[in-house]
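A short reminder: the numbers here are calculations on the coordinates, not readings from a lab. For clarity, every value in this text was computed on a predicted model and none was experimentally measured.
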Amino acid sequence: MKRLGVVLSAVAMAAGAAVMGGSAAAAPGIVEWADGQGKWHTIENPDGCYDTPGGKKLNNKTSGPIVLYTDARCKGSVVYTVGVGKSVPPPDVNFESIRA
């Protein structure tokens, strides 16, 4: 019976770590990005992949890096990684999705 308790404790700890790891992936703050027409969009507390059709500019006001991709759904090549508190530097880049 003691052995079962140890196994269950280990499973509970692993499950707790998985849940905590998921929530830690979110980047508190906002990402501002502009499309090809110059319209600005905001993503609050980004977590995961977001499509950014015609993305040209980006301001990272989160606590983590933002990765820009050439294709939608965070596919294709990495265009650029925007550090915390940084912006996409000139010249403008073209990106179709981002991952926080």
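Things to note:
- Proximal lysine pairs, the range 27-99, alpha carbons under 15 Å, eight or more residues apart or interchain: 5
- Once backbone amide H atoms are built at 1.01 Å from N, residue 80 has 68 as its partners under 5 Å, excluding neighbours fewer than 5 places away on the same chain.
- Projected over every direction and averaged, the convex hull enclosing the alpha-carbon atoms of the range 27-99 yields 3.9 nm².
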